[in-house]
Each structure stands twice: as structure tokens, then as C-alpha cells.
Amino acid sequence: MKKMISRFLERYFPGIRYFLLYKRAARKMGDKSGERTRLFRELVEQGNTKKCLQIGVRNQKYAPHWISVDRFDMSPLIDFHYDIHDLKFDDESFDIIVCNAILEHVENPQKAISELFRVLKKEGRVWIEVPFNQPYHPSPNDYWRVSPEGVKIWMKDFRELASGFFKINKSALYNGIFFYGYKP
């Protein structure tokens, strides 16, 4: 019976079949949305008395004292238009670095991560998020999708505090990966 339903869906409703496959895969990965939200909120609150770097801003800075960097965003929220591959800051300048939804847009994410490592102080905290299943969104380009295991390879020089898969708006088709760690 299961095979009949599967064949029927595949033939007449292939989109539903793929949605069900994504939904099962998302369930297996384990949704860490709640943990992600809590940890991120705590990290931003820790930044109240620290020197913090925000790579990419979207609509707002996490706090006025955060230094923001974005090569392409010309909004007044951006402090510096540096390339993430070549940040013009001294070594070990920041206590906290947050890089949300940026690494999929850079040609060499591992070089960019090396720059984050370089400008982060020893014992400093780093937070990155990248899409897992999200629509193509060039701004100006969209190069990468990476799994939780792939993010851990990218972030190998950092010590992991938490990482995982999270759903956006409870969707199996629209989700991401986060990594929270520190520089040993």
C-alpha cells in the first residue's frame, strides 16, 4: 500500500512527495530553533559591555556600539565596507563576532572564517548562520549551502559550544544551520 501511494504521488503530485521527503529529513536532523533563539539572545546580551562585530546587518544593529561591516550594503547602519576576506582590523580586536546569512554569499568561506578567527580575541565568541534549504537569493551572488557537518568542518579552528539545524517559521523547506563557538 505504501509503495502504491508513493508511486501515485510521484506520478501525479511530485511536489508533495518531495515535501514529505524534506519533512522526514528535517525531523531526523532535529530542530534546534528554541535553543538557537535562547543562545543567540544570551550572546547579544553578553555584548553589552564588550567590543562586538556584526558582519551583515539586514535591518538593524544588535546594539548601537556594535561595529558593522558589509561590503555591498550602503545603508547608514554600516560602519565599514570591508570585504570579509580581508577585514581591516587588528588581530584579536573583538570579543564577539556575529555573521548571519553572509557566508553563502562569499567566494571563499574558509578564508572569510580565517579572518573571523584572526580578529576574534582569545576566548572570544563567534556565531554564524548559513542557509540549508532556502531559495536562491543573490545579493550579489549566492554560492553555498552547507550541512551541520559541513559547518563544523568550516569552523574547525573554533571550539563548539552549540550547533545544529533550525527551522524558519516551522518549515521543513526553509531552514538553516547555526554554529556557536569560541576561539581557544
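FYI, it's all coordinate maths here, none of it is from the lab. Keep in mind the model is a prediction, meaning the values are calculated, not measured. Please note: Cβ atoms are built from the backbone with ideal geometry, for glycine as well, and neighbour counts cover all protein chains shown.
The calculated FRET efficiency for the pair Lys170 and Ser147, based on their C-beta separation and a Förster distance of 25 Å, comes to about 0.80. Farthest toward the positive end of the dipole of the chain, out of Trp154, Leu173, Val57, is the Cα of Leu173, where the dipole comes from beta carbon charges about the Cα centre. Among Met155, Met1, sorting on how many other beta-carbon atoms sit within 10 Å of each Cβ, with the fewest leading, yields Met1, Met155.
Counting helices only, and only those DSSP H runs with n ≥ 4, report the 222 nm mean residue ellipticity of the chain as the sum of -39,500 (n - 2.57) divided by its residues, in deg cm²/dmol to the nearest 500. If you can, show how the numbers build up before the last one.
Details: 5 runs with 59 residues, N = 184.
It comes out at -10000 deg cm²/dmol, rounded to the nearest 500.
Legend: ranking of residues Trp127, Trp144 from fewest to most surrounding C-beta atoms inside 10 Å; resulting order Trp144, Trp127.
If a spin label sat at a point 7 angstrom from the Cα of Ala63 along the line to its beta carbon, the backbone N atoms of the range 94-111 nearer than 17 Å would be those of 94-99. Set against the 2.2 N^0.38 Å expectation for a compact globular protein, the range 99-184 has a Cα radius of gyration ratio of 1.07. The stretch between Thr37 and Lys111 holds 23.9 nm of extra length on full extension. This uses 0.36 nm per residue minus the Cα-Cα distance.
Among the listed pairs Lys3/Lys28; Lys28/Lys122; Lys32/Lys88; Lys121/Lys170, which are separated by more than 28 Å between their Cα atoms? Walk me through the numbers before you get to the answer.
Details: Lys3/Lys28 21 Å; Lys28/Lys122 35 Å; Lys32/Lys88 34 Å; Lys121/Lys170 35 Å.
Listed pairs above 28 Å: Lys28/Lys122; Lys32/Lys88; Lys121/Lys170.
In whole percents, the pair-distance distribution calculated for the range 32-182 from its alpha-carbon pairs, binned every 10 Å from zero, is 11, 44, 39, 6, 0.
Which semi-axes, in whole Å and largest first, does the equivalent ellipsoid of the range 1-105 have when worked out from the alpha carbon gyration tensor as the square roots of 5 times its eigenvalues?
Values: eigenvalues 356, 61, 26 Å².
Semi-axes from the Cα gyration tensor: 42, 17, 11 Å.
Loop only per DSSP, at most 12 neighbouring Cβ atoms within 10 Å: give me the chymotrypsin sites (Phe, Trp or Tyr not before Pro) in the range 20-94, ordered by residue number. Display every interim value, and only then the final one.
Working: sites: Tyr22, Phe40, Tyr62, Trp66, Phe72, Phe80, Tyr82, Phe89, Phe94; in loops: Tyr62, Trp66, Phe72, Tyr82, Phe89.
Passing both the DSSP loop test and the Cβ count: Phe72.
The dipole here belongs to the chain: it is taken about the Cα centre, uses +1 on the Cβ of Lys and Arg and -1 on the Cβ of Asp and Glu, and is about 1360 debye. Straight-line cross-link reach from Lys2 at under 14 Å between alpha-carbon atoms covers these aspartates and glutamates, not counting any fewer than eight positions away in the same chain: Glu10.
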